[in-house]
Amino acid sequence: MEASKNNIFRNPPKLRILLVNTKIQRNTKVMVQKVASHFSENPCQVQQAIDEIDQLAKTSIELLSTNCDILADDQLLFSKWGKLIDRNQFVLANELCVSHSKLDLVCKLASQYGLHAKLTGAGGGGYAFVILPLLVDAKILQKITAELINMDCSVCETTLGATGGVKIIVL
């Protein structure tokens, strides 16, 4: 399936995620100003980071759009996507400095369980998501959820790419 600009996914893959609210208030304006300031000090470094994020996003779209029917079931493809997510988070946190220590802890925890996570939006707090393989072990899901709740995060499980009504389970 070839991705188009107007309709990337005709039959989007159904992918499970944990949506994690860090309960850290974020401020998009402050994050944009932070990146702008960093850009004025180090334009080449920031541009390189932005270009890498752009390429990671394009690679993810290509991976998801050409393999949407098998991504959730194929561990190798899922792992490739996870590595793209991990790298994206690394660039956001370490090169653009738009993460937050609590978002970093969420991502580190996910990694300890063999999962992949990144911040959403502008960063600086707010939400992260953790991608879940189709057959994630229920015990792992329970453990990571309990640890996230112990970190004072709220957690819900949902599905990306679902059509019609979407079930969201608050954990």
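The values are calculated or read from the model by the stated rules, or taken from the named source; none is laboratory data. Computed from a predicted structure; not experimentally measured. Positions of Cβ are backbone-derived with ideal geometry, glycine not excepted, and every protein chain shown enters the neighbour counts.
Points to keep in mind about this one:
- The lone criterion from (1) closer than 21 Å to Gln47 by Cβ; (2) under 12 Å from the mean Cα position of the chain (by Cα) left unmet by Val98 is number (2).
- Filter result for Ala146 (modelled with pLDDT of 95 or more, within 14 Å of Leu18 (Cα to Cα) and either of a type in the set (A, V, I, L, M) or part of a helix (DSSP H, G or I) (or both)): yes
- Test: Ala49 is within 19 Å of Cys153 (Cβ to Cβ), modelled with pLDDT of 95 or more and buried (at least 17 other Cβ atoms within 10 Å of the Cβ): no
- Matching residues in the range 20-41 - criterion: being surrounded by fewer than 13 Cβ atoms within 10 Å (Cβ to Cβ) and outside any helix (DSSP H, G or I): Gln25
- Selected residue (only one of Ala117, Ala93 is within 30 Å of Pro43 (Cβ to Cβ), surrounded by fewer than 21 Cβ atoms within 10 Å (Cβ to Cβ) and under 13 Å from the mean Cα position of the chain (by Cα)): Ala93
Each row is one residue, and each column tells you yes or no for (1) surrounded by 17 or more Cβ atoms within 10 Å (Cβ to Cβ); (2) touching a residue at least 24 places away in the same chain (Cβ under 8 Å); (3) touching a Leu at 6+ places or on another chain (Cβ under 6 Å); (4) not in a loop (DSSP other than H, G, I, E, B).
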| site | (1), (2), (3), (4) |
| --- | --- |
| Ser60 | no, yes, yes, yes |
| Ser65 | yes, yes, no, yes |
| Trp81 | yes, yes, yes, yes |
| Ile85 | yes, yes, no, yes |
| Gln89 | yes, yes, no, yes |
| Val98 | yes, yes, yes, no |
| Lys102 | yes, yes, no, yes |
| Leu109 | yes, yes, no, yes |
| Val136 | yes, yes, no, no |
